[in-house]
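The values are calculated or read from the model by the stated rules, or taken from the named source; none is laboratory data. Since this is a predicted model, take the numbers as computed values, not measurements. Methodologically, a virtual Cβ is constructed for each residue, glycine included, from the backbone with ideal geometry; neighbour enumeration extends over all protein chains shown. Note: accessible area is taken over every heavy atom of the protein model, side chains too, but ligands, DNA and RNA are not part of it. Shrake-Rupley method; radii C 1.70, N 1.55, O 1.52, S 1.80 Å.
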Amino acid sequence: METTPAVSLGGDVHLIDTHMGGYDGITAAYLIRADRPALVETGAALSADRVVAALAALGVGAADLATIVVTHIHLDHAGGVGDLAAAFPNAEVVVHQRGARHLVSPERLVASARRVYGTVMDTVFGDLLPTPVERVRALDDLDSIDLGGGRALRSHWSPGHASHHVGLLDSHTNDLYVGDAAGIYVPEADLVKPATPPPDFDLPVALASIEGFRELRPDRLLFSHFGPVTAIDETLDASVEELELWVEMARDVRRQGLDLDHAVAAVRDRTRERYAALASDPDLKEKHEVLNSDEANLNGILRWLDKTEST
């Protein structure tokens, strides 16, 4: 198994490319080499061996990792928790309280994912394995994770993308791990796309979470998809703009009574120029459709509109 070397981002932070689904530059895990080393995000279960190998290359052995923390329990972020908890038996597994039970008993979460993704579960994600309950710590809405030496990750509940989502602010570097709450960052095109899958998307809540991130005044945003961004306000502005645009497009196709296939086609037509950098690179377009499909985003928004607005 060939593993891409981790990238040092400074401040004892290292980006690990998990190669989810065999794609590079799609899903990141981050090692914080503090006194109490922490891994932020695990990637999918099928990526677990790569993450373990990358950590070993950084000198983190089975007994060394103190914490595994995930921003939320979607399988591209937390699917490898069970595997990594077994590989690092001293590590505490940390997640928001709304997601904790699903890491202990993941059967319903995995079954739901299999209904949505079908055979893609076996090629991209894999099954989330259970973690012993005594290994799991459930975070409150505002909480802290000790990294040792006076350094901590401050946890901030940030729903809207998912009800169990948190952002994590590093007290030493002022990095903010944003998970999916600010959308998907595409470094090759320097653009942000929304992440609005069912069942939890909620526009006002998502916008409030983004503004909460802004109020934290981070020096850098670390996207799980994918990588670091230093243009804080510009990027968060783009996140807001994309969410509002996609909701308006979804409202429009809903008014027209279009089925999902025609709705996706209509949205792609309206965003063709906006995402031209993605469309011009077939490989880039393919991997981001696997990660963050237009169909899933529209499904999530339309579900929210059905709950909150009359036809």
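Observations on the structure shown:
- Qualifying residue in region 253-276 (condition: open to solvent by less than 60 Å² (accessible area, probe 1.4 Å), charged (D, E, K, R) and in contact (Cβ under 8 Å) with a residue 12 or more places away in the chain): yes
- Flag if A45 is modelled with pLDDT of 95 or more, open to solvent by 10 Å² or more (accessible area, probe 1.4 Å) and not basic (K, R): yes
- Residue match in region 103-122 (condition: of a type in the set (K, R), touching a helix residue (DSSP H, G or I) at 6+ places or on another chain (Cβ under 8 Å) and farther than 24 Å from V52 by Cα): yes
- Residues (within 18 Å of the chain's Cα centre (by Cα), open to solvent by less than 30 Å² (accessible area, probe 1.4 Å), over 20 Å from D24 (Cα atoms) and not aliphatic (A, V, I, L, M)) located in region 219-249: T235, S239, E242
- Residue selected from region 275-301 under the condition over 22 Å from D76 (Cβ atoms) and within 23 Å of the chain's Cα centre (by Cα), by the criterion modelled with the highest pLDDT: A277
- Flag for D83 being among the acidic types (D, E) and modelled with pLDDT of 95 or more: yes
- Of all positions in region 75-83, none carries a residue that is of a type in the set (A, V, I, L, M, F, W, C), open to solvent by 30 Å² or more (accessible area, probe 1.4 Å) and under 15 Å from the mean Cα position of the chain (by Cα).
- Selection from region 167-197 of residues that are in a loop (DSSP other than H, G, I, E, B) and buried (at least 16 other Cβ atoms within 10 Å of the Cβ): H172, T173, D180, A181, A182, G183, A189, P194, A195, T196, P197
- Test: L207 is touching a helix residue (DSSP H, G or I) at 6+ places or on another chain (Cβ under 7 Å) and either open to solvent by 10 Å² or more (accessible area, probe 1.4 Å) or of a type in the set (D, E, K, R) (or both): yes
- Residues satisfying the stated conditions in region 280-309, i.e. open to solvent by 60 Å² or more (accessible area, probe 1.4 Å), of a type outside the set (D, E, K, R) and not in a loop (DSSP other than H, G, I, E, B): P282, N299, T308
- So G22, is it under 16 Å from R151 (Cβ atoms) and open to solvent by 10 Å² or more (accessible area, probe 1.4 Å): no
- Elements of type helices (runs of 4 or more DSSP H) in region 53-166, at least 1 residues being more than 30 Å from V247 (Cα to Cα) and touching a residue at least 40 places away in the same chain (Cβ under 8 Å): 81-87
- Any hit, region 268-278, residues being of a type in the set (S, T, N, Q) and assigned to a helix (DSSP H, G or I): no
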